[in-house]
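What follows is one structure encoded as structure tokens, with my remarks underneath.
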Amino acid sequence: MTDSGGIGQYTLQTVAGSAQGKRGHVTDTTSATRRPESLERVVIRFAGDSGDGMQLVGDRFTDVSAAFGNDLATLPNYPAEIRAPAGTIAGVSSFQVHIADFDIVTPGDVPNLLVAMNPAALKANVADLPPGAAIIANTDAFEPRNLEKAGYHSNPLDDDTLSAFTVYPVPMTSITVEATRETGAKPRDAERSKNFFALGLITWMYTRPTEGIVEWIDERFAKNAMVRDANMAAFKAGYHFGETAEIFETPFEVHPATLPPGRYRNISGNVALAYGLIAAGQQSKLPILYASYPITPASDILHELSKHKNFGVRTMQAEDEIAAISVAIGGAFAGQLGVTATSGPGVDLKAEALGLALSLELPLVLVDVQRGGPSTGLPTKTEQADLLLAMYGRHGEAPLPIVAAYSPSHCFDAAFEGVRIALKYRTPVIVLTDGYLANGSEPWLFPNVDELPDISVPFTTEANHLNEDGSTEFWPYVRDETTLARPWAIPGTPGLMHRIGGIEKQDGTGNVNYDPANHELMVHLRAEKIAGIARDIPPVVVDDPTGDADVLVLGWGSTWGAIKAASRRVRAADRKVATANLVHLNPFPANLGEVFARYPKVLIPEMNLGQLSRLVRAEYLVDAKSLTKVSGLPFRAAEIEARILEMMNV
Amino acid sequence: MSDPVVLTKKDFSSDQEVRWCPGCGDYSVLTALQLLMPDLGVRPENQVFVSGIGCSSRFPYYMNTYGIHSIHGRAPAFATGVAVARPDLDVWVITGDGDGLSIGGNHLIHALRRNVNFTILLFNNQIYGLTKGQYSPTSEIGKVTKSSPFGSLDYPFNPLSVAIGAEATFVARTHDLDRKHMQEVFRRAHEHKGAAFVEIYQNCNVFNDGAFDHITSKDKRPDMLVQLHHGEPVVFGADNQYGVRLNEYGEAEVVNVAEVGTDALLVHDEARHDPTVAFALSRLAETPTSPTPMGVLRAVSRPTYEAEVQSQLGAAQANRGPGDLRALLESGGVWDVV
């Protein structure tokens, strides 16, 4: 059993024992009271062809579970091609959702249930299943052509291939076609509703309320009655199939989680990030000028922001990545909140303009939704390998602050914090998220709007330099004593006209200046300004219940969830481990050095080849151990748990 | 608010020492514009000059206005940001043939098609000056430079054709030896609502001296500069003895007025929506060695990009009211945990 965890989970496999041997036929047991069995948590993976609508089914199941009150986490996983060849392994799209009656932090290590819409979906996912897991297979798709495309020489539903699992064969396509007959849909079209059949079946299996989905189908397909009716019929057929076919012993239920009180909604990382920007715009009283170029997995931020023009948000789809950041910088010069978002390849392209913003000392937020690299890499898969790019990816000495989001909903806070720092210190800030956070979702106890801080900064309206003759003038590079930020004087302000550029400028006046001592001074001033932000960010908080753990697991970004889950497992076995998560990666929190001093062993899990560990080894001379993963998928808690135990010599 | 104080060139000149090479054509462009600005009825604080990289891109430092000396080729994009954020400002883009047509070609064409409300002054000296003399995208084929000792192989761009092809709504040409002409073209460009593209033939006396002498020297101008006047037949020459007509293929060609008669001549219509004739005019001279059109080739009306941006914002606020953050956060289904 690979997905233990010592947290008292009760998974399908427990039930599977009693379901053994029922493969392919309907039991004659008629249970009058099919009372649901309670589970603490379950991990379900929907997998099918990329045209099968698996992401949609996953989204619906997630929403209805969120509204039901479960805690949850999701992991969409799909190919970069819009429609890879049908039936092939390359074309498999999946959506994993973890629902629980307690607070969870990862989308689950391994699925308890796999819904496989075709042989390729089975083949691509079966290796992830623990023994005893359940598989619901769409038998109609297991025909010779599809089996061959998936690389099966014989039908795995008929041989011993799946003997470790409980297989529920369901002819989803044919039942769907049958069920939708009255809607008038042609069989080929009707087949396309089979994802709703699967959704209906799983909705029954896990005792989800159906109203939310029924309403959603009504609304979403209101304009096409035939499609609406076919999807509805398929959904109900799936639900009723579960109820009446008696292939499944009992349905299961996962009770609502006991979460901190308050008002919740479900949210994905990209939407949370867009909302964070909008909130920051409101709290800084600045209109947002958001310019970006479409790129996976960041495009949804543009899509979301462009819906909210009534907040005064100007969105622009620029001609390229360079134009996008340049437009945002132009907006900042003119007094707006300039923001751009992209993924790794776009950051490469924006590097020169980022250096200019840094030299102009204008506020700007650049969001990097990291994906697998280098080059085009893995556009739809996640990675954390842009940390050193964010840190050092510009020519010259060009430091800038870096803020990283650690969960889908935390993207809101990271965006807000990025804007706060950018405005206060007049600097570009890089906000790092990743593909997993961007597309993953979770319930969010969203903030009370009245409690969001005011992050507005004043524009300069007066001259700031007194000449010897008593006259005054405006110098664009006179610095605030505390923050070292320069004044932000915007066009239209009489008397403060000034010219700034990428050429080195004289301290104070901002005039073009090539003097050696001045350049030395300016390089140091720019570095000190960023380093000084450490005084203005919260200390890193260590989670160490007993206070005397030997091993500290330090993470950043989306590894937070897997680290937290791993630490729970370790602690459940009565062992001690400390964890901490870095939101600010440049500068580091001021207390980080003291934290390292308290722990003899430090482990840093990262979805890269050890980028944060290099930074901390260089900065603090700490012998931090690196645990790396670059498969395009997030860490499993078990992987981190194993390494922690290894470090404890267990 | 009207301001009774009369502004002068001094009000638009910064305290920075101008550092172009002595004899550079850029000086006369700078002076022409600084002298013109008071006549445009604008305030210095409402002007923003944005440039890229190159000799001409030092221009903003010398204007007592707001300015950004940005990075190579990207000035139209920075300026777009300024214009979209602040439609109340006058925005000027200063660029050159390398900056605007080579490294920044993409931004130039997209700014033009969007019709961002700014004036683009492209200083064309057909050479890379700041990097000390390599051929540029407007250098003539066969040009011998440091980077092309056996002659450049690159076929040059015709900047006006590029601009017209990029859906520009205002396209004009002038040259650095005629202050009055420059000022008239700049004034028209500034008045234009939308992206105004002005090519300035500008002499680089160090690396490409005399590139335009064939057409711009005082004695050559009458026979070589084809001055365009809206609504009038296109004629030139000391005695208006030459003209331009469209041939059977729609191409512009130089004719002898006495031979073809006045009625055969092209009557210039800068406001013609279809760009075909303006494009044909832009092709009249392949290189600045034969009769070359000067003045406004095209000036048509189309909504500006930033006006359309504003109008979408206005419509969204009219339809949905000003943004309500609390309502946004609560959108899409919420539940309470007690």
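Can you work out which of the residues in the stretch A:627-650 that are of a type in the set (Val, Ile, Thr) and open to solvent by 30 Å² or more (accessible area, probe 1.4 Å) is farthest from residue A:385 (Cα to Cα)?
A:650
Specify which of the listed residues (A:211, A:191) is open to solvent by 10 Å² or more (accessible area, probe 1.4 Å) and within 14 Å of another protein chain (Cβ to nearest Cβ).
Matching residue, one of A:211, A:191: A:211.
Every residue in the stretch A:604-631 that is hydrophobic (A, V, I, L, M, F, W, C) and within 25 Å of residue A:381 (Cα to Cα), please.
Result: A:604, A:607, A:609, A:612, A:615, A:627, A:630.
Take the stretch B:313-325 and flag every residue that is surrounded by fewer than 12 Cβ atoms within 10 Å (Cβ to Cβ) and either within 7 Å of another protein chain (Cβ to nearest Cβ) or not hydrophobic (A, V, I, L, M, F, W, C) (or both).
B:319, B:321, B:322
Residue by residue, here is whether (1) within 14 Å of chain B (Cβ to nearest Cβ); (2) more than 18 Å from residue A:296 (Cβ to Cβ) holds:
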site	(1), (2)
A:52	no, yes
A:57	no, yes
A:65	yes, yes
A:70	yes, yes
A:84	no, no
A:89	no, yes
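Go through (1) assigned to a helix (DSSP H, G or I); (2) open to solvent by less than 10 Å² (accessible area, probe 1.4 Å) and name the single condition residue A:248 misses.
For residue A:248, the failing item is (1).
Taking the condition outside any helix (DSSP H, G or I) and among the hydroxyl-bearing types (Ser, Thr, Tyr), does residue A:239 pass?
no
Quickly run through the stretch B:68-85 and pick out the residues that are closer than 18 Å to residue A:353 by Cα, open to solvent by less than 10 Å² (accessible area, probe 1.4 Å) and at the interface with chain A (Cβ under 7 Å from one of its Cβ atoms).
B:68, B:69, B:70, B:77, B:78, B:79, B:80, B:81, B:82, listed by residue number.
Among the numbered conditions (1) within 8 Å of chain B (Cβ to nearest Cβ); (2) closer than 26 Å to residue B:109 by Cα, tell me where residue A:275 comes up short.
In the conditions (1) within 8 Å of chain B (Cβ to nearest Cβ); (2) closer than 26 Å to residue B:109 by Cα, residue A:275 misses (2) alone.
Every residue in the stretch A:333-370 that is part of a helix (DSSP H, G or I), buried (at least 24 other Cβ atoms within 10 Å of the Cβ) and either within 8 Å of chain B (Cβ to nearest Cβ) or free of Cβ contacts under 8 Å to residues at least 12 places away in the same chain (or both), please.
A:333, A:353, A:356, A:360
Since residue A:227 meets every condition but one in (1) open to solvent by 50 Å² or more (accessible area, probe 1.4 Å); (2) modelled with pLDDT under 90; (3) away from chain B (no Cβ under 14 Å), which condition does it not meet?
(2)
Scan the stretch A:136-186 residue by residue and report those that are within 20 Å of residue A:204 (Cβ to Cβ) and surrounded by fewer than 21 Cβ atoms within 10 Å (Cβ to Cβ).
Listed by number, the residues that qualify are A:139, A:140, A:169, A:171, A:174, A:178.
With the structure loaded, tell me whether residue B:88 is surrounded by fewer than 24 Cβ atoms within 10 Å (Cβ to Cβ) and part of a loop (DSSP other than H, G, I, E, B) or whether it fails that test.
yes
Quick one: would you say residue B:65 is under 24 Å from residue A:513 (Cα atoms), open to solvent by less than 10 Å² (accessible area, probe 1.4 Å) and touching a residue at least 12 places away in the same chain (Cβ under 8 Å)?
Taking the combined requirement at face value, the residue satisfies it.
Would you point out the residue of the stretch B:288-297, among those that are open to solvent by 10 Å² or more (accessible area, probe 1.4 Å) and not β-branched (Val, Ile, Thr), that is nearest to the other protein chains (Cβ to nearest Cβ)?
Going through the qualifying residues, I end up with B:288.
In the stretch A:213-229, what count of residues is obtained for those that are in contact with a Lys or Arg (Cβ under 8 Å, 6 or more places away or on another chain), assigned to a helix (DSSP H, G or I) and not charged (D, E, K, R)?
Summing the residues that are in contact with a Lys or Arg (Cβ under 8 Å, 6 or more places away or on another chain), assigned to a helix (DSSP H, G or I) and not charged (D, E, K, R) in the stretch A:213-229 gives 3.
Under the condition of being closer than 17 Å to residue B:199 by Cβ and among the acidic types (Asp, Glu), which residue from the stretch B:84-107 is farthest from the chain's Cα centre (by Cα)?
Filtering the stretch B:84-107 for residues that are closer than 17 Å to residue B:199 by Cβ and among the acidic types (Asp, Glu), the one farthest from the chain's Cα centre (by Cα) comes out as B:99.
For the structure I just gave you, tell me whether residue B:27 is part of a helix (DSSP H, G or I), open to solvent by 10 Å² or more (accessible area, probe 1.4 Å) and within 9 Å of chain A (Cβ to nearest Cβ).
When the stated conditions are applied, residue B:27 does not pass them.
Quick one: how many residues across the stretch B:285-319 are at negative phi and either at pLDDT below 95 or not in a helix (DSSP H, G or I) (or both)?
Final tally of qualifying residues: 19.
Give A:493, A:509, A:472, A:483 a once-over and let me know the one that is surrounded by 14 or more Cβ atoms within 10 Å (Cβ to Cβ), away from chain B (no Cβ under 11 Å) and of a type in the set (Ser, Thr, Tyr).
Result: A:483 is the single residue among A:493, A:509, A:472, A:483 that is surrounded by 14 or more Cβ atoms within 10 Å (Cβ to Cβ), away from chain B (no Cβ under 11 Å) and of a type in the set (Ser, Thr, Tyr).
Six or more apart or on different chains, Cβ atoms under 8 Å: show the pairs whose first residue is in the stretch A:77-92 and farther than 16 Å from residue A:146 by Cα and whose second is aliphatic (A, V, I, L, M) and surrounded by fewer than 16 Cβ atoms within 10 Å (Cβ to Cβ).
A:79/A:90; A:81/A:90
Out of A:203, A:258, which single residue is under 27 Å from the mean Cα position of the chain (by Cα), buried (at least 23 other Cβ atoms within 10 Å of the Cβ) and farther than 25 Å from residue A:146 by Cβ?
Only one candidate passes the filter, namely A:203.
Hey, among A:412, A:459, which residue is out of contact with any strand residue (DSSP E or B) (no Cβ under 6 Å at 6 or more places or on another chain), within 13 Å of chain B (Cβ to nearest Cβ), open to solvent by less than 20 Å² (accessible area, probe 1.4 Å) and of a type outside the set (Val, Ile, Thr)?
A:412
Tell me which helices (runs of 4 or more DSSP H) are completely within the stretch A:513-626 and hold 1 or more residues being open to solvent by 20 Å² or more (accessible area, probe 1.4 Å) and farther than 28 Å from residue A:443 by Cα, or say none if there are none.
Passing ranges, in order: A:516-531, A:592-598, A:611-620.
Of these, A:209, A:156, which one is assigned to a loop (DSSP other than H, G, I, E, B), of a type outside the set (Gly, Ala, Ser), closer than 22 Å to residue A:99 by Cβ and in contact (Cβ under 8 Å) with a residue 12 or more places away in the chain?
Matching residue, one of A:209, A:156: A:209.
The values are calculated or read from the model by the stated rules, or taken from the named source; none is laboratory data. What you are looking at is a predicted structure, and each value in this text was computed from that prediction instead of being measured. Note that we place each Cβ from the backbone using ideal geometry, even for glycine, and neighbour counts take in every protein chain shown. Only protein heavy atoms, including side chains, enter the accessible area calculation; ligands, DNA and RNA are left aside. Shrake-Rupley method; radii C 1.70, N 1.55, O 1.52, S 1.80 Å.
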